[in-house]
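The values are calculated or read from the model by the stated rules, or taken from the named source; none is laboratory data. The structure presented is a predicted model; accordingly, all values stated were derived computationally and were not measured. We place every Cβ from the backbone using ideal geometry, glycine too, and count neighbours over all the protein chains shown. Accessible surface is based on the protein model in full, side chains and every heavy atom, while ligands, DNA and RNA are left aside. Shrake-Rupley method; radii C 1.70, N 1.55, O 1.52, S 1.80 Å.
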Amino acid sequence: MVAISRPESGPSADTISRKKRSFITAQRATCQHGSMTDSRVLVIGGGIAGLTAAALLAKEGVPVTLLEAHHQTGGCAGTFRRGPWTFDVGATQVAGLEPGGSHERLFRHLGVALPEADILNPGCVVDLDDGSPPIPLWHNAAHWQREREEQFPGSSRFWSLCSAIHASNWNFAGRDPIVTPRSLWDWRQLLGALRPGTIASGLLTTLTIADLLTLCGCHQDQRLRRFLDLQLKLYSQEPADRTAALYGATVLQMAQAPLGLWHLRGSMQVLSNRLVEAIERDGGQVLLRHRVTRLHRATDHWCVQTSTGASTTMDHQAADVVCSLPPQTLPTLLDPDSLPAHYGQRLSNLNQPSGALVLYAVVRRDALPVDCPGHLQMGCNVPGSLFVSISREGDGRAPTGQATLIASVFTPTADWCSLAEPAYQERKGRMLHAIQEQLNRWLGLSDEDWLHQELATPRGFAGWTGRPGGIVGGLGQHPARFGPFGLSGRTPIEGLWLCGDSVHPGEGTAGVSLSALNACRQLMARRGHTLSVQP
């Protein structure tokens, strides 16, 4: 992701306005004298979405340059090291590596080998912290069916309905529709992908997962509802009564065959590295430490300003810009002449996603429970529902006999980025202690079993990823923002395209990869070319 600096104090609004006007005037002069005779594309942000977009365009022979503010690619799916330990920054599991899955399709199209990975079985174990048995999400569909019948008696109608919706969704998605149509070409892609089953499930577009529970007579099962709230919050930023039924029905089955969740060997960074290899192999550029500070639309091309140091700036020109940043950043980057009033208003009204507290720790492996699963979720009131990822022996993240442990909990971004340092450190220490206390109780650990621990807050994520306020994830898959009601990859601004976790189909590396594919297909169609990826 490209980082946008947000100092706690800075120049006055008049000073910023004068600087912005000066930039626009200078850019206009530059752009008027610089002819854009080529078809260059600039991709902003080096997370999985931006890397996928750049790789797809380079594969098509398009001159493409990716601009990334950080010293490495990966964004929220990147990694960092502490001595002998490697930590995944955000994402710790991957979907879409199975035959026909999102990553498998795209990597096959790009001619890049898939990273080595192991299927997660179970994909996760959920502990509701109510004294009842934990719930393993088995990869084998039959095993999962038996498990949920035992765990949630009388819920079979709900799960059958979710399965039917998911099957319809999957067949529909396999035809690469543009679900948020904004042009005649978009509409043709959408209508061409429709089938009777898709139209039938489309009648549920405005419903939530909680509505499905009511339809199936399961709405009084509080244990089932608790389980759904925990799982859906991970993937949609929303609980069951605010998650679109069409979205939730699919993410609830991502761990089961023929799909699946995967654990990458080495680290999550290997996914980004493979995409960088594809970009550079096909003639594209990846420029690190290039922080985008301004975007200006000239008559027939874009002028993009980047900061490469304390006082060094560079100007880039391109026919098109593909932006993978959170859309909330666009009003701060675009000059007023480039941003239509109605679109600026919509961006200003976008909801604020959650932030996250993430504990990066190392523990003695022999202190963990026997057969401890790699991914766990526990519903607790303080500090909140925890999602925990534990490395495997020999997976490249920790020395033999040790395990990295990453535990995350959602938190409002609130004032994390503006707290005075003493108050910030006090709150940070208090939350670290609360998380460790729960993990000690849950996993049977003692304070002596911890070899390393540090806590990341929204302030840290704002610095690492450039996301405003340190937000994680996209806009949330509420029916009012899902599918045709969401943001489109095709913006109303000529030559500006969006991808990432705020654009359909949503979060996760597989989801943002598909958003990149859709944006690139739209861009290439606008140029009179067809970008097609085989199923």
*Mind grabbing the accessible area of residue 277 for me, 1.4 Å probe, Å², rounded to tens?*
110 Å²
*asked:* Using alpha carbons only, how many angstrom separate the centre of the stretch 71-123 from the centre of the stretch 462-524?
replied: 19 Å
*When all protein chains stay in place, what accessible area (Å², nearest 10, 1.4 Å probe) is found for residue 485?*
100 Å²
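Rounded if a/c is under 1.5, else prolate if a/b is larger than b/c, else oblate: which is the stretch 84-129, with a ≥ b ≥ c the root eigenvalues of its Cα gyration tensor?
Verdict is oblate for the stretch 84-129.
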*In nm, what is the difference between 0.36 nm times the number of residues separating residue 157 and residue 414 and their Cα-Cα distance?*
88.5 nm
*asked:* I'd like to check one number: the per residue accessible area of the chain, probe 1.4 Å, reported in Å² as a whole number.
replied: 40 Å²
*Taking K and R as +1 and D and E as -1, what net charge do the other residues with C-beta under 12 Å from the C-beta of residue 276 add up to?*
-2
*Packing-wise, with mean Cβ within 10 Å as the measure, how do 47-54, 236-243 rank, highest first?*
47-54, 236-243
_Integer Hz, Karplus 6.51/-1.76/1.60 couplings in order for the stretch 154-162, x for Gly and Pro_ = x, 9, 4, 5, 4, 5, 5, 5, 4
*Provide the net charge surrounding residue 301, with neighbours chosen by a C-beta distance below 10 Å and charges set as Lys +1, Arg +1, Asp -1, Glu -1.*
-2
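Just how large is the dipole of the chain about the Cα centre, in debye to the nearest 20, putting +1 at every Lys and Arg Cβ and -1 at every Asp and Glu Cβ?
The dipole of the chain has a size of about 1380 debye.
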*Work out the charge dipole of the stretch 384-502 with +1 on the Cβ of Lys and Arg and -1 on the Cβ of Asp and Glu about the Cα centre, then indicate which of 419, 498, 401 is farthest towards its positive end.*
498
*If you rank 449, 129 by how much accessible surface each has, with a 1.4 Å probe, what is the order from largest down?*
129, 449
*What part of the accessible area of the stretch 271-408, given as a whole %, is carbon or sulfur when the probe is 1.4 angstrom?*
47 percent
*Specify the inter-centroid distance of the stretch 329-351 and the stretch 218-281, based on alpha-carbon positions, in whole Å.*
30 Å
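Please give the per residue volume of the convex hull enclosing the alpha carbon atoms of the stretch 142-256, rounded to a whole number of Å³. Please list the in-between numbers first.
Values: hull volume 12.1 nm³, N = 115.
In the stretch 142-256, the Cα hull volume divided by residue count equals 105 Å³.
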*Could you sort 148, 291, 265 by accessible area so the largest value comes first, with the probe set to 1.4 Å?*
265, 291, 148
*Would you pull out the residues with amide H under 5 Å of residue 411's amide H, same chain only if 5 or more places away, H placed 1.01 Å from N?*
355, 356, 357
*Do the sum for the chain: with -39,500 (n - 2.57) for every DSSP H run of n ≥ 4, divided by all residues, what is the mean residue ellipticity at 222 nm, to the nearest 500 deg cm²/dmol?*
-11000 deg cm²/dmol
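Highest first, please rank the peptides 114-127, 425-438 by the mean number of other Cβ atoms sitting within 10 Å of their residues. Spell out each step's value before the answer.
Numbers: 114-127: 18.9, 425-438: 15.7.
Packing proxy ranking, top to bottom: 114-127, 425-438.
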_With N set to the number of residues, divide the alpha-carbon radius of gyration of the stretch 284-371 by 2.2 N^0.38 Å and report two decimals._
1.66
*asked:* Bins of 20 Å, beginning at zero and ending with the bin holding the largest distance: percent of Cα pairs per bin for the chain, please.
replied: 22, 56, 21, 1
*How large is ³J(HN,Hα) for each residue in the stretch 178-192, as worked out from phi by the Karplus curve 6.51 cos²θ - 1.76 cosθ + 1.60 (θ = phi - 60°), to whole Hz, x for Gly and Pro?*
9, 7, 10, x, 9, 8, 4, 4, 4, 4, 5, 5, 5, 5, x
*Per the 1.4 Å probe, what fraction of the accessible area of the stretch 458-524, in percent, lies on carbon and sulfur atoms?*
63 percent
_Probe radius 1.4 Å, ligands and nucleic acids left out: which of 370, 503 has the largest accessible area, and how do the rest follow?_
370, 503
*Computed over the Cα atoms of the stretch 412-492, what is the convex hull's projected area averaged over all directions, in nm²?*
8.6 nm²
*Around residue 364, which amide H atoms from residues at least 5 apart in sequence, or from another chain, sit under 5 Å from its own amide H, with H modelled in the peptide plane?*
451
*residue 286's amide H: which non-local residues (gap 5+, or another chain) put their own amide H closer than 5 Å, with H modeled 1.01 Å from N in plane and none for Pro or chain starts?*
66
*asked:* Counting C-alpha atoms alone, how compact is the stretch 52-142: give Rg to one decimal and Dmax as a whole number, in angstrom.
replied: 17.9, 58
